[in-house]
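The values are calculated or read from the model by the stated rules, or taken from the named source; none is laboratory data. It should be emphasised that the depicted structure is a prediction, and the values quoted were computed from it without experimental measurement. Ligands, DNA and RNA are excluded from the accessible area calculation, which covers all protein heavy atoms including side chains. Shrake-Rupley method; radii C 1.70, N 1.55, O 1.52, S 1.80 Å.
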Amino acid sequence: MNVEQRLTIERRIVRKLIRTAKEHGWALTRIWDGEENQNPKTEQEAIDVVFSVDECRMVFRHPSFKSAHCAVIILGNDGWDCIADNSIGEGWDVVIDAIDRYTDQVAEMYC
């Protein structure tokens, strides 16, 4: 796999994370880029922030849950593994379960 293919996979997965979270009522509220919090207003702005650094933390909030939840994105490995870590609980698990299934399918296509 070349760099462009990996970047395409990473973009698909990050976009899927944002959209899946939104489908379940979770809004992306900020992205910690390693130096400061960024507050993207659109999906494209979020993608631009994530892909401007090698590692970041995407923070999501839901109006029905007290705690925010996050996904840690690390770029530059195999592509499908770009969600390197995530929080768990309080309604967030359904988002992560869906993303795990999706990334497993993507990984199977390239392994």
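Details
- Whole-number D in µm² s⁻¹ for the chain, Kirkwood Cα-pair radius fed into Stokes-Einstein, 20 °C, 1.002 mPa s: 153 µm²/s
- Size of region 46-103 from its Cα atoms: along the principal axes, largest to smallest, the extents are 34, 23, 14 Å.
- Annotation: per residue accessible area for the chain equals 58 Å², rounded to a whole number [probe 1.4 Å, protein chains only].
- Ranking by accessible area, most exposed first, for Asp54, Asp97, Asp33 with a 1.4 Å probe: Asp54, Asp97, Asp33
- Gaussian network model of the chain, Cα within-10 Å springs - most flexible of Ala46, Ala71, Ala98: Ala98
- Report summary: the helix-based calculation at 222 nm, which adds -39500 (n - 2.57) for every DSSP H run with n ≥ 4 and divides by the residues of the chain, gives -14000 deg cm²/dmol.
- Crossing angle, helix 93-110 versus the chain [Cα axis fit, 0-90 degrees, rounded to tens]: 10 degrees
- For region 27-78, the percent of C-alpha pairs falling in each 5 Å distance bin, counted from 0 to the bin holding the largest distance, reads 5, 21, 31, 23, 12, 7, 1.
- Residue-level accessible surface for Ile83, protein heavy atoms, 1.4 Å, Å²: 40 Å²
- The mean sequence separation of alpha-carbon pairs under 8 Å and at least six residues apart, normalised by the residue count of the chain, gives a relative contact order of 25 percent.
- Under the Debye formula (equal points on every Cα, no solvent term), log10 I(q)/I(0) of region 11-57 at q = 0.20 Å⁻¹: -0.61
- 0 to 90° range, to nearest 10: angle between helix 3-23 axis and the chain longest Cα axis: 20 degrees
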